[in-house]
Amino acid sequence: MLKITFIMLISIIFSDRGDLISFEYVGLMQSNIIQEDLDASVGQLSPNAIFNIKAYSIVYETIDQFGEYSEASGFISFPDDYNYAYPMYLFGHGTKVKRDSAPSMGSFNDLNMWLGTSGYIYMEPDYLGLGVSQINHPYQLKDPTATVMIDMVYATRQFCNQIYGLQFNDQLYIAGYSEGGYAALAAVKEIEENHTDLNITMSFPMAGAYDMSGTMVDLMLSRKKYINPYYLPYVVLSYMERYDLGTVQDFFKPEYAEILPELFNGDFSGGYINNFMPDIPIYILRADIIHEFRNNLNFPFRLTLAENDLLDWIPRSKLYLFHGIADEQIPFENSVVAYNRFIENGADPNLVSLELLNEFYGGHNGAAPYCLLGAFILSEQEKQYYNKGDINLDNELNMLDVMELKYIIKHNISVDGLDLWFSDINNDGLVNMFDIYEFTGKILQN
């Protein structure tokens, strides 16, 4: 315990982005209990619960919307079986405002149980401004959103190295719904452009607002009733702070300028904030701001929204855009515009797909479980486990692997990472004759 505390102290002093700062045990869930819970919750959609799972919350280093180092937190669940190396699954959650509603502040839920028991190392960042982070949440800002997602992957890798025997393989899945859909697509873009050490197996941005300066502006200027009017001030406050666009008095009518900063201080939920909002969100804005939005294409706020669109790039890995066409909160046109732009930019139509769910599946909340199920089914088709000891990667444990292990030891070949995990049969951190003895015994027993 003293050793772990010392390591964590050193990491706090010398941490860099993506570094693990601390972790805390959340709990263990048995597979039979998971099965009962999922059967009761999702019924026929429920998967087979394969593994017992463990869960931890973590704190890690990232970069905020101003380019400064900042602490972020997140939730991890994983199979409690160290005989396999597992794929990693990064998930972005939907919009939250209340700081303590973040994933790391909770416990097990349907999604982290589902993916953990199915054989994935599940990672869900809280995002900046939620969980342990005390800054304002950079809502719908692509750079800090992508960074906090990606740094969760790096921190989880370090976490796996702390939990000896827990091993990730080279598969990485990325998914998210609503704000999480935006976060997933932002992360994919950033990884493909700037993180060659991460290889995306498949990604599933779902029901995200990718076309901020087009589809979403049109929605907010439409003078139609909106189910979650708090979204608009959340975006405005986020962009005002990031781009120094002015004060709350410059953007909002006086009665809203007075109350909105406190409502978005992290103590209140979006549902609570809705109680103070008109059904038509645009009515909180000053008339001159609305006029500028409508008539000035060079209005600074409109330009900053365009900076955070996720349209002008070419995805290079398998990507599925899921969206329900009856989505009343984030119009499905966001995904249509994104898909069409990707194809126009030169994306391979065999890699990039648009998956639209018809009205039968419901609106924004109703379509969510079906989108998630579709993503899970596609993930399962390419999921790979690595067996501990399967050094030659032929999906069998036999004397050929023993011969490979003997060769490594005889020639004093240095191994680390996944190769060390394959070879260190007795989990003592060393590769030597004791591993051969134990491995040979296991094979002969079978």
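Read the figures in this text as sums done on the coordinates, not as results from a lab. Small disclaimer: the values here were computed from a predicted structure and weren't measured. Here the Cβ is made from the backbone with ideal geometry for all residues, glycine too, and neighbour counts use every protein chain on show.
Here is how the numbers come out for the structure above:
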quantity	calculated
Percentage of interatomic Cα-Cα distances in the chain larger than 38 Å	27
Nearest-0.05 FRET efficiency for Asn427 and Asn365, computed from C-beta distance (R0 30 Å)	0.10
Subset of Lys54/Lys98; Lys96/Lys383; Lys318/Lys383 violating a 22 Å alpha-carbon distance limit	Lys54/Lys98; Lys96/Lys383
Added length on full extension, which subtracts the Cα-Cα distance from 0.36 nm per residue, Arg316 to Ser353	12.1 nm
Protection proxy ranking of 306-312, 66-72 - average other beta-carbon atoms within 10 Å, highest first	306-312, 66-72
Mean Cβ count within 10 Å, highest first, over the residues of peptides 294-302, 57-65	57-65, 294-302
Helical mean residue ellipticity (222 nm; -39500 (n - 2.57) per DSSP H run of 4+; nearest 500) of the chain	-12500 deg cm²/dmol
Alpha-carbon centroids, segment 303-345 and segment 91-154: separation in whole Å	21
Selected from Lys410, Lys253, Lys96 as most flexible by GNM, with the chain as the system and alpha-carbon contacts under 10 Å	Lys410
Of the DSSP H helices in the chain, those whose Cα atoms cover at least 20 Å axially and whose Kyte score averages 0.0 or more	364-382
Share, in percent, of DSSP beta bridges within the chain that are antiparallel, nearest 5	55
Residue-by-residue Karplus 3J(HN,Hα) for segment 426-431, coefficients 6.51, -1.76, 1.60, Hz, glycine and proline x	9, 6, 9, x, 10, 10
Label-point gap, in nm, between Ile443 and Ile259 - each point 7 angstrom along Cα→Cβ	7.2
Kirkwood hydrodynamic radius (C-alpha pairs) into Stokes-Einstein, segment 388-445, 20 °C and 1.002 mPa s, D in µm²/s	193
Share, in percent, of DSSP beta bridges within segment 60-153 that are antiparallel, nearest 5	75
Ordering of 323-333, 84-94 by burial proxy (mean other Cβ atoms within 10 Å per residue, highest first)	84-94, 323-333
